[in-house]
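Where a number appears in this text, it was derived from the coordinates with a stated rule and is not lab data. Predicted model, so just to flag it, every value in this text is computed and none were measured. Virtual Cβ from ideal backbone geometry, glycine too; neighbours counted across all protein chains shown.
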Amino acid sequence: MAYVDGFVVPVPTDQLAAYKRMATKAGKVWREHGALEYHECVADDVKPGKRTSFPQSVKLKPDEVVVFSWIVYKSRRDRDRINKLVMADPRLADMMDTKNLPFDAKRMFFGGFKSLVDF
């Protein structure tokens, strides 16, 4: 079964175009190195919950939007191999400095997931 890396990021609305350029570049690099799929989605219907929610999880500010992203790999082994290549790829060097990102990296969260159900 596939392995997935998932990300949730707060992006200022005035930085969404810059984020899209960055994500498009990153997606191409991930796919070139072997990722099966690369997705970046902007929140369209997410509301604060009573206890938790996407907006609350990133301490969303009024001028921000939640971006939910995921990358699909054949396996965890492939993910580890591909991510090593991606992190060393010089085309993404500018993304490794969190001060230059079009979002607050301190409020981003992410993780790797084993598939439970696949169709």
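Taking the stretch 73-105 only, how many residues are among the aliphatic types (A, V, I, L, M) and outside any helix (DSSP H, G or I)? If you could, list the steps in order and put the result at the bottom.
Narrowing the stretch 73-105 to residues among the aliphatic types (A, V, I, L, M): 82, 85-88, 92-93, 95-96, 101, 105.
Those left that are additionally outside any helix (DSSP H, G or I): 96, 101.
Total satisfying the criteria: 2.
Among the residues of the stretch 58-73 satisfying the criterion of being surrounded by fewer than 15 Cβ atoms within 10 Å (Cβ to Cβ) and not acidic (D, E), which is farthest from A35 (Cα to Cα)?
To start, the set of residues in the stretch 58-73 that are surrounded by fewer than 15 Cβ atoms within 10 Å (Cβ to Cβ) comprises 59, 61-63.
Then drop every residue that is not not acidic (D, E), which leaves 59, 61-62.
Numbers: K59: 30, K61: 32, P62: 34 Å.
Only one residue fits best here, namely P62.
With (1) in contact (Cβ under 8 Å) with a residue 24 or more places away in the chain; (2) touching a strand residue (DSSP E or B) at 6+ places or on another chain (Cβ under 9 Å) as the list, and K25 as the residue in question, which single condition is left unmet?
Of everything listed in (1) in contact (Cβ under 8 Å) with a residue 24 or more places away in the chain; (2) touching a strand residue (DSSP E or B) at 6+ places or on another chain (Cβ under 9 Å), K25 misses just condition (2).
For the stretch 32-47, name all the residues that are surrounded by 11 or more Cβ atoms within 10 Å (Cβ to Cβ) and either in a loop (DSSP other than H, G, I, E, B) or under 16 Å from the mean Cα position of the chain (by Cα) (or both).
So the first thing to find is which residues in the stretch 32-47 are surrounded by 11 or more Cβ atoms within 10 Å (Cβ to Cβ), and the list is 32-40, 42-43, 46.
Of everything in the stretch 32-47, those that are surrounded by 11 or more Cβ atoms within 10 Å (Cβ to Cβ) and either in a loop (DSSP other than H, G, I, E, B) or under 16 Å from the mean Cα position of the chain (by Cα) (or both) turn out to be H33, G34, A35, L36, E37, Y38, H39, E40, V42, A43, V46.
Does D118 satisfy the criteria of being more than 22 Å from M1 (Cβ to Cβ) and either free of Cβ contacts under 8 Å to residues at least 60 places away in the same chain or part of a loop (DSSP other than H, G, I, E, B) (or both)? Walk me through it before giving the result.
Working: more than 22 Å from M1 (Cβ to Cβ): no; either free of Cβ contacts under 8 Å to residues at least 60 places away in the same chain or part of a loop (DSSP other than H, G, I, E, B) (or both): yes.
Taking the combined requirement at face value, the residue does not satisfy it.
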